[in-house]
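Below is one structure; the comments refer to it alone.
Rule-based calculations on the coordinates, nothing more; no lab input. Not measured: the values here are computed from a predicted model. Glycine also receives a Cβ, built like all others from the backbone with ideal geometry; neighbour counts cover every protein chain displayed.
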């Protein structure tokens, strides 16, 4: 086109017009930008106001597996820091923890580590990418049991402080997540699940709290994760709904962002209505194996015995034990030499019986004597005042070994064992006296002599025979009736069964000295009378 003065003028007019259009568009865009910026500032101020003073325990659970590239890991850091900017951080306000996970779990900082947002920002910036596996279930379990423990800074449930976890992941877990995520939610943790890229949506829903449309989020890539900020800012800093009358929780209301959950006190479980609570019957849920009665407690159960019985130290079985006092002395025969293994069995036998007794100065007193040709008083009745002391002394005892029989000197020591000077209660106190004689020898003449005298003074004697011990001598030693006071086994290995029987017989109650003497005399009279009647009957039959 030829450049005439007229054409030049037209071109100038066109340039001016285009310039005006450009200026108009720029002005309109600027106005729109101002309006947009104004709206954003107002929205930000609104959210910040809602976050002021907000008490919250928040833990980030960040996937740091090898599938996340370093640039994407940096974008996750920015996402965390942008959320921190809107929180009111403080010991009595919002506490924040951060957990990284890959094949293992690493705590970047705990809920009680930092009290200033600047320190948290610095810790986030300095955290190192793990670049390993994807153990999401392990990370959730760690968060539930460790990150949200009171030791790590979480406030107790009855403080009514919401517990929130935000998990960010881009991959499929290499472990199971459904069960542990359910446990975490049931424990009162509100879980936001954020999935990026190729993450499985079904897995996210297994992790996140319900309703899923409020707690489960998905974005195509890490650049888009920043678009979720407004969602989290609103939900995290929402109203304290537990402060609203009519939440309906029977026992405990726990705030969650935008909602609340009901919880129960220790020993109770939430009913299906998610509001009311019922007491947990641990006796029904557990295999308690209580012999008599099971009693459900706040967080477990305990076994209880019926009246007249005493709970065994195993906490399960019951013994019909007297609560009164007795003086009990064990006499262990070493005439034939028991040997190391057999002596160990004998000590176990003694301790098994002692275990079921109430050892105390005003209850049961226990003594132990070993004898062969000589007698060694391991400990008298007066020495020990607890079960543990007696058992320890029995365990320390050493065998005196095989020696010839001792005769009369032994009888004197036997008699001394039940003297007041050795710790026995005076006869006037009417305290039962019991002797347990354990022997594997036939040479018991002097023991028989002592036992005869002892029974006449009111001492109850259990005769325990092993191996070569003879029934005749055991009968002469034991009190009547023999089916209660005489026990025999061929082998030391089966002494445990005898111990249980003797323990029950002792615990069933031993007559006092006066009553026991009367009982012994009556039994002897009955036996003698029956024998006389049998003899007379035989004579009468023969004379016919």
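Once the chain from residue 284 to residue 69 is taken as fully extended at 0.36 nm per residue, the excess over their C-alpha distance is 72.2 nm.
Which peptide among 214-222, 370-378 comes first, and what is the full order, when sorted by highest mean count of other Cβ atoms within 10 Å? Display every interim value, and only then the final one.
On the way: 214-222: 17.3, 370-378: 19.0.
Most protected by this proxy first, the peptides run 370-378, 214-222.
Sorting the segments 68-77, 420-429 by their residues' average number of neighbouring beta-carbon atoms within 10 angstrom, most packed first, yields 68-77, 420-429. Each 5 Å bin from 0 upward holds the following percent of the Cα-Cα pairs of the stretch 50-238: 1, 8, 19, 23, 23, 17, 7, 1, 0.
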